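I have placed the structure first, in the form of structure tokens, so that the comments after it can refer back to it.
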Amino acid sequence: MNAPFNPARAASREPFTAFVCDEGTAELMRPITVELGWSPEKVNKGGLRNAVQTLAVSASPNILFVDLSESGDPLNDINALAEVCEPGTIVLTAGAVNDVRLYRDLIASGIQDYLLKPINPDMLRDAFLQAQTALNAPKHVEASVGRPHATLAVIGTRGGCGATSIAASLAWLISEREARTTALLDLDVHFGTGALALDLEPGRGLTDAIENPSRIDGLFIERAMVRASERLAVLSAEAPINAPMLGDGAAFYQLQEEMRGAFECTVTDLPRQMLVQHPHLIADVQVAVLATELTLAAARDAIRILSWFKSNAPQTQLFIVANKVPQAGLLEISRKDFEGSIERRIDFVVPFEPKIASQAAKLGKTMAEVGKNQRGFAPLTELSRRILEITDAGEEGEAKAAAKGGSLLSKLGDLKALMASKKK
């Protein structure tokens, strides 16, 4: 509902419409609408049900007020409203339920504000003024003209190496530091933590997309994405673990396609098993970030994944990030030995910072945001800058990874020798 703004479409709409449940709220609202230059006749009775029926057959206004007092399940009913409400509409709601969780869920679903009844006239006036300000504010979509879309994937060599943390941090850095509209797509459908890392409810958008790929279009993306900020939106899921998400991967690929049209950058948190199940997801990925720990198991799987990219996606620029690196004396494998086994250099090293990790989890923020003044997280800022340099330059900037040399068997042989020496 608070989707990218389209001035041409907005110009043909009504500036304001309200649907309220009681005459008292209507009487309170009418003089305020007159103050703001709106017609008091646009304050209608009927609440959410009337709003859905009316907007199903008519254009949405620029600002929509909906009374949820008679709704038994406000969150699900808002989803019904989203089905008929055009993108660009700013939605204000009111209700009698005083629940912080409900408020957060409604805001996450895309509404502008939720007012508690009985409504204070000053609060209502302020809410309308803030909606007008948001409506008239400069839109960041305009800045994307002529700038190529950036597509990157973050893959972990092993579970627990922090790939999701890096993906969320890169998405935050690109959206905030580089001022680009960014989509974070978490493809771990059952156990993904992309939304959790940003203190958001994942919603049903991703599971709906997998179950009904034919529904995926630009409007679906606008409604399904959960906004973390003005420039950052997340598509994640917590699908029931007794319900396998089956499919040929067409839904995932189509999601990536639609995101290219709606955002300036797409960051995909890609579970490593997806490389086996749906290799076509890498076809249009310009940059891949391989997150790893300095362990024997991670070295083995880094070799295998690097070999996979060399055979299946040679066009993709690869960066290797050693994440959660402890003090030198606590390493399972030294950086030098790790680089020797995978036959290429580690591009960036992110240190293990348990205090910042704990604080980020408590605040529902990314590691990059919480540690933005910490020296240890400077590599992530540099990585985000390098990624955009490559994607902005297009084909000319896509320098291939420097990893050349022996076969996969020879690399595994070197790794076995390293493991044998460790045992001695």
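The values are calculated or read from the model by the stated rules, or taken from the named source; none is laboratory data. These numbers were taken from a predicted model, which means no experiment stands behind them. All Cβ positions, glycine included, derive from the backbone under ideal geometry; neighbour counts span all protein chains shown.
If a residue must be surrounded by fewer than 23 Cβ atoms within 10 Å (Cβ to Cβ) and either touching a helix residue (DSSP H, G or I) at 6+ places or on another chain (Cβ under 6 Å) or among the basic types (Lys, Arg) (or both), how many such residues does the stretch 188-204 contain?
The qualifying residues number 4.
Specify the residue that is surrounded by the fewest Cβ atoms within 10 Å (Cβ to Cβ); the eligible residues are those in the stretch 274-283 that are in a helix (DSSP H, G or I) and among the hydrophobic types (A, V, I, L, M, F, W, C).
The qualifying residue surrounded by the fewest Cβ atoms within 10 Å (Cβ to Cβ) is VAL276.
Are there helices (runs of 4 or more DSSP H) fully within the stretch 111-222 with at least 2 residues that are among the acidic types (Asp, Glu) and not assigned by TED's automatic domain parsing to the domain that holds ARG300? List them.
Passing ranges, in order: 121-136.
Taking LYS355 and the conditions (1) among the basic types (Lys, Arg); (2) over 30 Å from ASP199 (Cβ atoms); (3) assigned to a helix (DSSP H, G or I), which numbered condition does it fall short on, given that it satisfies the others?
(2) is the only condition that LYS355 fails.
When you go through ALA322, ALA368, ALA360 one by one, which is the residue that is surrounded by 19 or more Cβ atoms within 10 Å (Cβ to Cβ) and not in a helix (DSSP H, G or I)?
Testing whether each residue is surrounded by 19 or more Cβ atoms within 10 Å (Cβ to Cβ) and not in a helix (DSSP H, G or I) leaves just ALA322.
Which of the residues belonging to the stretch 42-82 are of a type in the set (D, E, K, R), without any contact (Cβ under 8 Å) to a residue 40 or more places away in the chain and touching a helix residue (DSSP H, G or I) at 6+ places or on another chain (Cβ under 9 Å)?
Hits for the stretch 42-82 are LYS42, LYS45, ARG49, ASP77.
Where the second residue is among the acidic types (Asp, Glu) and the first is on the phi < 0 side of the Ramachandran plot and lies in the stretch 191-213, which pairs have Cβ atoms under 6 Å and are six or more apart or on separate chains?
Pairs found: GLY192/ASP186; GLY194/ASP186; GLY194/ASP269; GLU201/ASP105; PRO202/GLU238.
Find the residue count for the stretch 260-273, including only residues that are buried (at least 20 other Cβ atoms within 10 Å of the Cβ) and at pLDDT below 90.
Number of matching residues: 1.
Would you confirm, using the coordinates I've provided, whether SER229 is in contact with a Ser or Thr (Cβ under 7 Å, 6 or more places away or on another chain) and at pLDDT 85 or above?
yes
Quick check on the stretch 371-384: of everything there that is touching a residue at least 12 places away in the same chain (Cβ under 8 Å) and assigned to a helix (DSSP H, G or I), which residue is farthest from ARG180 (Cα to Cα)?
Checking each candidate, the answer is GLY376.
Does LEU294 satisfy the condition of being part of a loop (DSSP other than H, G, I, E, B) and over 23 Å from the mean Cα position of the chain (by Cα)?
For LEU294, the condition - part of a loop (DSSP other than H, G, I, E, B) and over 23 Å from the mean Cα position of the chain (by Cα) - is met.
State which residue pairs qualify: first residue more than 18 Å from VAL154 (Cα to Cα) and inside the stretch 290-303, second residue assigned to a loop (DSSP other than H, G, I, E, B) in any location, beta carbons under 6 Å apart, and separation of 6 or more residues or different chains.
The qualifying pairs are THR295/GLU332; ALA297/ARG158.
Can you name the residue in the stretch 246-259 that is touching a helix residue (DSSP H, G or I) at 6+ places or on another chain (Cβ under 8 Å), surrounded by fewer than 19 Cβ atoms within 10 Å (Cβ to Cβ) and within 28 Å of CYS85 (Cβ to Cβ) and is also modelled with the lowest pLDDT among such residues?
That would be ALA250.
Which residue out of GLU353, GLU339 is under 15 Å from ALA302 (Cα atoms) and of a type in the set (D, E, K, R)?
Exactly one of GLU353, GLU339 is under 15 Å from ALA302 (Cα atoms) and of a type in the set (D, E, K, R), namely GLU339.
Against the definition (surrounded by fewer than 18 Cβ atoms within 10 Å (Cβ to Cβ) and part of a strand (DSSP E or B)), how does ASN76 come out, yes or no?
no
Take the residues of the stretch 314-331 that are within 16 Å of GLY160 (Cβ to Cβ) and at pLDDT 90 or above: which is farthest from the chain's Cα centre (by Cα)?
VAL325
Residues GLU396, GLU389, GLU339: which one is at pLDDT below 90, among the acidic types (Asp, Glu) and in a helix (DSSP H, G or I)?
From the options GLU396, GLU389, GLU339, the qualifying one is GLU396.
In the stretch 67-84, which residue that is over 22 Å from the mean Cα position of the chain (by Cα) and closer than 16 Å to LEU219 by Cβ is modelled with the highest pLDDT?
Among those that are over 22 Å from the mean Cα position of the chain (by Cα) and closer than 16 Å to LEU219 by Cβ, it is LEU81.
Run ASN323 past the list (1) more than 23 Å from MET367 (Cβ to Cβ); (2) polar (S, T, N, Q); (3) touching a strand residue (DSSP E or B) at 6+ places or on another chain (Cβ under 6 Å) and report the number of the one that doesn't hold.
Condition not satisfied by ASN323: (1).
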